[in-house]
């Protein structure tokens, strides 16, 4: 594809003209009204639905971020590395669109809300949001986003970040235009609150990187455990990396089944974006959380309690006619969201309800902690173990590859295929190699300065045993789910994580050269052994596909400035995996041959497929078509065996 027709000079003129509008005195821009959260509240609530909990819920026309239609305008450093035809069309139309925006900013009714990101002495972006309110429902966009941030404070240093949100733009021109060099984002033809949240956070990460920090798509928590070796209480800072919807919020807020009677606990610090500093500390970004709402009252107790509180601001969640909120009913969409107060994250301890949010949104320096843990969450469903212990070098590669898997629920056409995003961070501006290089430098420096105090793990919140086949149907290739994965249950993942922190789990080098978990003191791993689901040839094939995917992705990021030292780490890991696969296959081949010789011949009979039968709707009590499966509501997963993932 030929280079996109970017016009940096035009973008500079646009920003200059925009500033001449928004920086005028209020009397000169009567269409722009300055508002506070308290002023926005009644305007927002009048379009919301009151729930039985006393909270309010809204529905948005667009229920997720429009990542594929998000584009960076500016100089070469911010250009999209792999532009699409959609990107080209947006760039070509940008001059006319930007001209229109200037006109709209002079004529349409807007509210202007000023808030602050962060709470520290060094980096606190001052955030200003402009939302057009020609449609009164848009007041809730500013109100919901404003509740994630702090009150403005002119004494706090930080860059000025501006976002313009015009949901009324025609759907044919739906897009997000980001001008990183000017700290400006513009969202058009979408009314999703997540665009504002991520617009400001994406820009803040870009600025933090330029200041020598590293913006991370990760949650943070403080965990105090009793060490298995010396019996002493030790406190760790934990970073939880993960793609959206893989469990960052869940595990940032989860209590891990720790023994509070013995002084153990988990304190939630942040659930989404932090800024890593060279001393191992991390500045937080948000005062409150914007979380997915598909939570269970037992397994995700703190988040459930916060979402059920009257202060929660819900979006795209099922609310029944009588006001009952059903967080697990996703018939109208699978991206329900809620703004929750950190001080409403509570769990029951004995007869008391206890708040589990840390006092500060910042993670302290490593020198005042007993250690820090970098945990990478992945969600895969074939042969990857539930937990892996990583070396610092392997952790850099985990950050580079940022792996997960597309599911039938999210992207049916790509179900089972790998999804790889550097740092699990799909908000990187420009070349992605620089982020990996910076992470490499920071991690290696921390390990050198604080030996034995930095640890690395990867957790698979998916499962094992999934089989997906590609079949020809109607002249097209389609994915068919032959066997669902046996999911790793939340209680087992809790046991694994607390075992890692206490030091009671045992790891052995596995097929990828990483440490694979082989025993967990308080959890049974045997149901999740890949050998229970696949033969050796299938496991070897899945492993080879994983390595090949990593190899191709590494080459892609190499073209985006990846440090040669990191590329060598990746190449070394491929050789180790291939060598171990050959050795493992030879050993297992002898064992399998011996078992085959001793085993009786078994002929498996396959029953004919069950034909659909007519039934009665559990909701309406009427006869249904034999081809329609009645909807069954989600229920709390069992505490053992395969369950819904985290």
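The values are calculated or read from the model by the stated rules, or taken from the named source; none is laboratory data. This one's a predicted model, so the numbers in the text were calculated from it and none came from an experiment. With ideal geometry, Cβ positions are generated from the backbone for all residues, glycine too; neighbour counts draw on all protein chains shown.
Considering only region 497-508, state which residues are surrounded by fewer than 22 Cβ atoms within 10 Å (Cβ to Cβ) and either touching a residue at least 40 places away in the same chain (Cβ under 8 Å) or closer than 20 Å to residue 230 by Cα (or both). Answer for region 497-508, where residues must be surrounded by fewer than 22 Cβ atoms within 10 Å (Cβ to Cβ) and either touching a residue at least 40 places away in the same chain (Cβ under 8 Å) or closer than 20 Å to residue 230 by Cα (or both): 502, 503, 504, 506, 507. Of the residues that make up region 107-118, is at least one closer than 21 Å to residue 205 by Cβ, at pLDDT 95 or above and not in a strand (DSSP E or B)? Yes. Looking at residue 356, is it buried (at least 18 other Cβ atoms within 10 Å of the Cβ) and under 21 Å from residue 497 (Cβ atoms)? The answer is yes for residue 356.
Here residue 333 clears all of (1) surrounded by fewer than 19 Cβ atoms within 10 Å (Cβ to Cβ); (2) within 26 Å of residue 127 (Cβ to Cβ) except the condition numbered (2). Flag set for residue 263, criterion: assigned by TED's automatic domain parsing to the domain that holds residue 396, out of contact with any helix residue (DSSP H, G or I) (no Cβ under 8 Å at 6 or more places or on another chain) and more than 20 Å from residue 421 (Cα to Cα). The lone criterion from (1) in contact (Cβ under 8 Å) with a residue 60 or more places away in the chain; (2) not in a helix (DSSP H, G or I) left unmet by residue 30 is number (1).
Results for (1) surrounded by fewer than 21 Cβ atoms within 10 Å (Cβ to Cβ); (2) assigned to a strand (DSSP E or B); (3) without any contact (Cβ under 8 Å) to a residue 60 or more places away in the chain, shown as yes or no for each residue.
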| site | (1), (2), (3) |
| --- | --- |
| 426 | yes, no, no |
| 439 | no, no, no |
| 472 | yes, yes, yes |
| 516 | yes, yes, no |
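Rundown of residues vs (1) within 15 Å of residue 384 (Cβ to Cβ); (2) touching a helix residue (DSSP H, G or I) at 6+ places or on another chain (Cβ under 8 Å), yes/no style:
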site	(1), (2)
524	no, yes
540	yes, yes
543	yes, yes
555	no, no
564	no, no
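Does residue 504 count as more than 20 Å from residue 379 (Cβ to Cβ) and assigned by TED's automatic domain parsing to the domain that holds residue 457? In short, yes.
Within region 272-283, the residues that satisfy the criterion of being within 21 Å of residue 245 (Cβ to Cβ) and either in a strand (DSSP E or B) or out of contact with any helix residue (DSSP H, G or I) (no Cβ under 9 Å at 6 or more places or on another chain) (or both) are 273, 274. Of all the criteria given as (1) in contact (Cβ under 8 Å) with a residue 12 or more places away in the chain; (2) surrounded by fewer than 24 Cβ atoms within 10 Å (Cβ to Cβ); (3) farther than 22 Å from residue 149 by Cα, the one not satisfied by residue 261 is (1).
Do we find that residue 11 is closer than 30 Å to residue 80 by Cα, out of contact with any strand residue (DSSP E or B) (no Cβ under 7 Å at 6 or more places or on another chain) and at pLDDT 95 or above in this structure? No; evaluated as a whole, the condition is false for this residue.
Assess whether residue 138 counts as being part of a loop (DSSP other than H, G, I, E, B), outside the structural domain of residue 421 (by TED's automatic domain parsing) and at pLDDT 95 or above. No. For region 489-503, does any single residue satisfy the condition of being out of contact with any strand residue (DSSP E or B) (no Cβ under 6 Å at 6 or more places or on another chain) and more than 29 Å from residue 397 (Cβ to Cβ)? Among the residues of region 489-503, at least one is out of contact with any strand residue (DSSP E or B) (no Cβ under 6 Å at 6 or more places or on another chain) and more than 29 Å from residue 397 (Cβ to Cβ), which makes the answer yes.
Going by what's in this entry, would residue 229 be described as surrounded by fewer than 24 Cβ atoms within 10 Å (Cβ to Cβ) and over 30 Å from residue 432 (Cβ atoms)? Spelling it out, residue 229 is indeed surrounded by fewer than 24 Cβ atoms within 10 Å (Cβ to Cβ) and over 30 Å from residue 432 (Cβ atoms). The set of residues from region 474-495 being surrounded by fewer than 24 Cβ atoms within 10 Å (Cβ to Cβ) and assigned to a helix (DSSP H, G or I) comprises 491, 492, 494, 495.
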